[in-house]
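**Student:** Have a look at this one before I ask anything.
Quick note: the coordinates plus some simple rules give every number you see, no bench work behind them. Just so we're clear, the structure is a prediction, and the values are computed from it rather than from any experiment. Glycine also receives a Cβ, built like all others from the backbone with ideal geometry; neighbour counts cover every protein chain displayed.
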Amino acid sequence: MGLRDYKQLAEQDQSVVWHPYTQMQEYARTEPIIISRGEGPYLYDIRRRRFLDAYGSMWCNVWGHNHPELVKAIQQQAGQLCHASLFSVSHVPAIDFANMLVDAIKQDFRFADEPPTLSHVFYSDNGSTAVEVAMKMALQYQNQKGKISRTQFLTFHEGYHGDTFGAMSASSIEVFRQKFAPSLFNCHHATYPMQVDPDEHESTRHHEMQLEALIAGRNDKIAAVVIEPVIQGASGMRPLAEDYLGKIKKYCREYDILLITDEVFTGFCRTGPLVASSTELVEPDIMCLGKGITGGTLPMAVTVASDRVFEAFKGEWAEMRQFLHGHTYSGNPIACAAAIRNLEMIFEEKLKENVKSRARELNYALRRAIGSSPRVGQIRQRGLAVGIPIKDASGNEDAGYESRDDAMKICEHAIERSRVLLRPLGNVITIVPPLNIESEQIGEIVNAISRGLEALEAGNK
Ligand code: PMP
């Protein structure tokens, strides 16, 4: 691909392709990176440059790019059947994946006090939709149980659940919502108590009391609680205080409210276990999964419901208890085939162990390389999900989503000089690499950030 081709493509990209979460005026002044190929943790652009994908292609990559096993599964399935809609028929990949997934989730919860009941898989095609489905299921469940006043949701400050209207309503990152606020429905927001250092135990008693008061005051109104378990992603990697999910579940039980865990980001071993809710053995009534579900190859998501939720939708057709929701490409066979191979490989390749070891290495390397910099706040991490808050020159760490300049400078430096793809969320640099990443690439990422930080510090002197 010659330089002229690049220029033409870049112009066509900048003027015709409207990129997500991107200021297109700014993008028009950049030299876009146009990817043509992926292999392992690396992406190659049409100018033959190699980039380490340290943001896991928006947090979904599990095995690096174009893993031969996933490619084979996709090709084989495409040769058999590209699509048949689950509206009227079923197909083997959808049946097999649903069964494998339910078994794998049950295995994660096998030490829970009660036998796991998440057993029913509803397919859709992106994380936001998986959340919409969960919220609609919860509302319809309550309605069909005769609790018709339970029409509201309790969610958490700084939570993010997607960009569709229900998911946006449940989210609370103000800057994403503000232009749509008048069209969103109200949710009650509770505090998401953060615990950055896993060894530091601060009491969450007052948050718990506030949570109970919120629920108790509206216990006949709330249909479900929606939460990102273990760590909030989009608000800048905010880890949840240990044991808190269990406390939330306790109140849900007590007040007969459903618990929805949004594991779109945390699922598929991002924080270590297959699903993060199992860290505290807190089985929700409904669980949303997406992103890593196909190993990062194809769009797919699922909403997994417990027996009691599923049962509440049964009846004769004319009773109209069925779930009137579905998407054309729900449970696409090629995506299911990739998801099956992904799940098999998670066990064959002992992925959970790799995440644990690499997470430790990454944490240690980051602390050693940048931990003492006056511009770096407390590094937040659960598994291979990391947030590095960059303080402004006067030491302020809470500058908000709009103030991303310094974190952006570090990421741009990492991309341009070290060829490591990184993205900031506001003033927080996030590292969300492929989960089979090796030590060498951990080193590459840490060096890139460290050099970017040095450049920032030098430039600001
Ligand atoms: N929930 C969570 C917790 C997420 O992190 C995301 C995406 N970042 C979503 C939902 C939405 O997923 P999608 O982008 O696939 O719609």
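**Student:** Extent of the range 1-83 along each principal axis, from alpha carbon coordinates, in Å, largest to smallest?
**Tutor:** Ordered largest first, the range 1-83 gives principal extents of 42, 29, 28 Å.
**Student:** May I have the pair-distance distribution P(r) for the range 75-348, computed from all Cα-Cα distances with 5 Å bins from 0 and rounded to whole percent?
**Tutor:** Percent of pairs per bin, in order: 1, 6, 13, 17, 19, 18, 13, 8, 4, 1, 0, 0.
**Student:** Take the Cα pairs of the chain, get the Kirkwood Rh, then feed it into Stokes-Einstein at 37 °C and 0.692 mPa s and tell me D in µm²/s.
**Tutor:** Value of D from the Cα-based Kirkwood radius: 143 µm²/s.
**Student:** Sticking with this structure for a sec: Collect residues whose amide H, placed 1.01 Å from N in the peptide plane, falls under 5 Å from the amide H of Gln232; neighbours closer than 5 in sequence don't count.
**Tutor:** Arg238, Leu240
**Student:** From the residues Leu422, Val196, Gln12, which one has its Cα farthest along the dipole of the chain in the positive direction, the dipole being from +1 and -1 charges on Cβ of Lys/Arg and Asp/Glu about the Cα centre?
**Tutor:** Gln12
**Student:** Please list, in order along the range 44-61, the HN-Hα scalar couplings obtained from phi with the Karplus expression 6.51 cos²θ - 1.76 cosθ + 1.60 (θ = phi - 60°), rounded to whole Hz, x for Gly and Pro.
**Tutor:** Here the 3J(HN,Hα) series is 10, 9, 5, 9, 6, 9, 10, 10, 7, 7, 7, 10, x, 6, 6, 6, 10, 7 Hz.
**Student:** Given +1 on the Cβ of Lys and Arg, -1 on the Cβ of Asp and Glu, and no further charges, what dipole in debye does the chain carry about its Cα centre, rounded to the nearest 20?
**Tutor:** The dipole of the chain has a size of about 600 debye.
**Student:** Another one. Shape of the range 263-354 from its Cα gyration tensor (a ≥ b ≥ c, root eigenvalues): rounded if a/c is under 1.5, otherwise prolate when a/b > b/c, or oblate?
**Tutor:** Oblate is the answer for the range 263-354, as a/c is 1.5 or above yet b/c matches or exceeds a/b.
**Student:** Per residue Cα convex hull volume for the range 123-235, in cubic angstrom?
**Tutor:** Looking at the range 123-235, the number lands at 124 Å³ per residue.
**Student:** Would you mind putting 414-422, 52-60 in packing order, based on average other-beta-carbon counts within 10 Å, highest first?
**Tutor:** So the order, starting with the most tightly packed, is 52-60, 414-422.
**Student:** Along the range 135-145, what does the Karplus equation 6.51 cos²θ - 1.76 cosθ + 1.60 (θ = phi - 60°) give for ³J(HN,Hα), rounded to whole Hz, x for Gly and Pro?
**Tutor:** 5, 5, 4, 5, 5, 5, 4, 4, 4, 6, 8
**Student:** Also, I was wondering about something else. Treating the beta-carbon of each Lys and Arg as +1 and of each Asp and Glu as -1, no other charges, what is the dipole magnitude of the range 75-348 about its Cα centre, to the nearest 20 debye?
**Tutor:** 820
**Student:** With the cut-off at 18 Å, tell me which of the pairs Lys106/Lys247; Lys250/Lys291; Lys136/Lys179; Lys145/Lys314; Lys136/Lys249 have Cα atoms farther apart than that.
**Tutor:** Lys106/Lys247; Lys250/Lys291; Lys136/Lys179; Lys136/Lys249
**Student:** Using the Cα centre of the chain as origin and beta-carbon charges of +1 (Lys, Arg) and -1 (Asp, Glu), tell me which of Ile445, Gln322, Gly272 is placed farthest towards the positive end of the dipole.
**Tutor:** Ile445
**Student:** Seen from all sides and averaged, what is the projected area of the convex hull of the Cα atoms in the range 1-160, in nm²?
**Tutor:** Dividing the Cα hull surface by four gives the mean projection, 15.6 nm².
**Student:** Put a dot 7 Å past each Cα toward the Cβ at Met100 and Lys136; how far apart are the dots in nm?
**Tutor:** Between Lys136 and Met100, the label points sit 2.7 nm apart.
**Student:** List the aspartates and glutamates whose Cα sits under 14 Å from the Cα of Lys7, skipping any in the same chain fewer than 8 residues away.
**Tutor:** Cα-Cα hits under 14 Å: Glu31, Asp45.
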